[in-house]
1. Determine whether the stretch 194-204 contains at least one residue that is assigned to a helix (DSSP H, G or I) and among the acidic types (Asp, Glu).
2. In the stretch 1-13, which residue that is at pLDDT 95 or above and not hydroxyl-bearing (Ser, Thr, Tyr) is nearest to Asp207 (Cα to Cα)?
3. If Tyr88 satisfies every condition in (1) over 26 Å from Thr22 (Cβ atoms); (2) more than 14 Å from the ligand (Cβ to nearest atom); (3) of a type outside the set (Gly, Ala, Ser) but one, which is the exception?
4. So which of Ala45, Ala80 ends up being of a type outside the set (Val, Ile, Thr) and more than 12 Å from the ligand (Cβ to nearest atom)?
5. Of the conditions (1) outside any loop (DSSP other than H, G, I, E, B); (2) in contact (Cβ under 8 Å) with a residue 60 or more places away in the chain; (3) farther than 25 Å from Asn146 by Cα, Ala251 satisfies every one except a single condition; which number is it?
6. For the stretch 29-43, give me each residue that is more than 16 Å from Leu14 (Cα to Cα), surrounded by 17 or more Cβ atoms within 10 Å (Cβ to Cβ) and either in contact with a strand residue (DSSP E or B) (Cβ under 6 Å, 6 or more places away or on another chain) or in contact (Cβ under 8 Å) with a residue 60 or more places away in the chain (or both).
7. Could you check how many residues of the stretch 129-156 are of a type in the set (Gly, Ala, Ser), under 15 Å from Val228 (Cβ atoms) and crowded, with 22+ Cβ neighbours inside 10 Å?
Amino acid sequence: MSGETVLVTGAFGLVGSKVVQTLAASGREVVATDLDMAANRKAAAQLPSGVRVRWADLTDTSAVDALVAEVSPAAIIHLAAIIPPFCYMRRGLARKVNVEATAALLRAAEAQAQRPRFVQASSVAVYGARNPHRITDVLTADTPTNPSDIYGAHKVEAEALVRASTLDWLILRLGGVMSSEFSLDIDVDLISFESVLPADGRLQTVDVRDVADAFAKATTTEDANREVLLIGGDPETHRHTQSAVGSQAAAAMRIRGGLPLGRPGDPASDTAWFATDWMDTTRAQEVLGFQHHSWSQLLADTSANAGWKRLPIGLAAPLIRGFLRSKSAYRDYPGRYADVWNAIAKKWGDPTPDMADA
Ligand SMILES: NC(=O)c1ccc[n+]([C@@H]2O[C@H](COP(=O)([O-])OP(=O)(O)OC[C@H]3O[C@@H](n4cnc5c(N)ncnc54)[C@H](O)[C@@H]3O)[C@@H](O)[C@H]2O)c1
């Protein structure tokens with residue numbers, strides 16, 4: 001295979017599928033890799049003809065070695081991960097994928113005669129809980145990491161492995177990735193998870209198309225190397241509260257007042273907040289020039305992509321509302337503030353980093 005190939009892990013996930021499309025559309029050679037599952041095989045059949053697919057479980061070190069040796073990529077975009085809330089349900093597996101598979105990929109990449117550039121997907125989760133009542137700054141690449149949960153702790157560990165490697169690398173810490181593509185196939189766990197998060201917590205969204213552009217450019221940019229970049233949408237339109245994101249995205253599909261009502265966060269607590277915040281994206285934008293879709297554009301596209309289905313959705317809104325409310329994590333839950341980490345522990349599993357994760 002060509003030395004200019006980009007290997008994309010997690011290629012059939014939310015971000016990965018758009019990254020693969022973006023690379024292919026710009027004429028890059030792409031090898032998409034993910035788990036061999038029926039849904040991924042179905043999606044693989046829809047890929048542009050030039051994209052090659054290699055199935056691999058990245059927790060299998062010999063499969064990782066074989067994959068990297070066969071593809072001999074010029075760059076690796078490493079997206080595969082077990083994300084919240086699933087990482088709380090399967091802590092052991094999450095560590096294997098989020099940390100150990102990253103180590104295996106790095107080792108395999110370092111063993112190549114032509115060492116690929118490594119672009120690592122990280123997250124604002126590395127910064128841990130952020131109480132907007134007490135915090136006056138926005139996140140920068142230099143804000144100290146202080147993860148509150150295993151997911152953030154795994155990302156800190158994975159970042160450390162990347163930094164310690166002998167490869168060229170970039171780490172992209174993503175904010176709240178949003179897609180305007182319409183799907184009724186929404187995971188109930190994800191809906192319920194949103195309802196756990198403090199309604200007034202700060203979240204900077206970013207359109208998945210722009211995330212994909214950032215990853216594609218990160219494989220070739222000569223303007224940055226061995227640097228952490230913060231990937232969020234433009235600061236003028238993409239800085240929101242958690243509840244505004246959910247309700248506006250639902251309204252774009254005509255589910256007015258649709259998402260489960262979250263609770264506000266406790267202004268007096270520094271820990272009972274989720275690990276999201278607004279971010280300074282100046283440097284990332286300077287290097288990667290990826291911010292193309294404003295929040296209003298994302299909503300307009302969401303609405304357009306829902307198309308005629310908005311009418312039946314609008315009619316069914318009361319039913320959808322009732323269903324979603326029944327999934328709210330704070331139904332019959334004591335107190336009046338969001339109790340995010342305990343609510344997560346109760347519904348999905350212990351989110352706290354253990355000693356090995358810290
Ligand atoms: N979605 C967001 O808002 C967000 C925010 C911050 C960071 N990120 C990071 O961006 C990356 C992509 O996120 P996403 O939203 O596309 O997640 P996703 O869950 O949609 O995709 C992850 C992919 O990894 C694959 N995967 C899991 N275990 C694997 C294994 N053992 N071997 C091979 N593949 C495996 C899954 O099959 C899936 O296709 C992740 O690293 C995530 O942590 C995402």
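1. Yes: one or more hits.
2. Step one: list which residues in the stretch 1-13 are at pLDDT 95 or above, which gives 5-13.
With the extra rule that they be not hydroxyl-bearing (Ser, Thr, Tyr), the set shrinks to 6-8, 10-13.
Values: Val6: 22, Leu7: 22, Val8: 19, Gly10: 18, Ala11: 17, Phe12: 17, Gly13: 15 Å.
Here the residue is Gly13.
3. Going through (1) over 26 Å from Thr22 (Cβ atoms); (2) more than 14 Å from the ligand (Cβ to nearest atom); (3) of a type outside the set (Gly, Ala, Ser) one by one, Tyr88 breaks only (2).
4. Only one candidate qualifies: Ala45.
5. (2)
6. Taking the stretch 29-43 first, the residues more than 16 Å from Leu14 (Cα to Cα) are 29-31, 36, 38.
The next check asks that each one be surrounded by 17 or more Cβ atoms within 10 Å (Cβ to Cβ); those that pass are 29-31.
Selection gives Val30, Val31.
7. Selection size over the stretch 129-156: 1.
A quick yes/no check of all residues on (1) within 10 Å of the ligand (Cβ to nearest atom); (2) in a helix (DSSP H, G or I); (3) touching a strand residue (DSSP E or B) at 6+ places or on another chain (Cβ under 8 Å):
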{"position": "Thr59", "(1), (2), (3)": "yes, no, no"}
{"position": "Val97", "(1), (2), (3)": "yes, yes, no"}
{"position": "Gln112", "(1), (2), (3)": "no, no, no"}
{"position": "Arg134", "(1), (2), (3)": "no, no, no"}
{"position": "Ala141", "(1), (2), (3)": "no, no, yes"}
{"position": "Pro144", "(1), (2), (3)": "no, no, no"}
{"position": "Lys155", "(1), (2), (3)": "yes, yes, yes"}
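The values are calculated or read from the model by the stated rules, or taken from the named source; none is laboratory data. Only a predicted model underlies this, so the values are computations on that prediction, with no experimental measurement involved. A quick note on method: Cβ atoms are made from the backbone with ideal geometry, for glycine too, and the neighbour counts reach across all protein chains shown.
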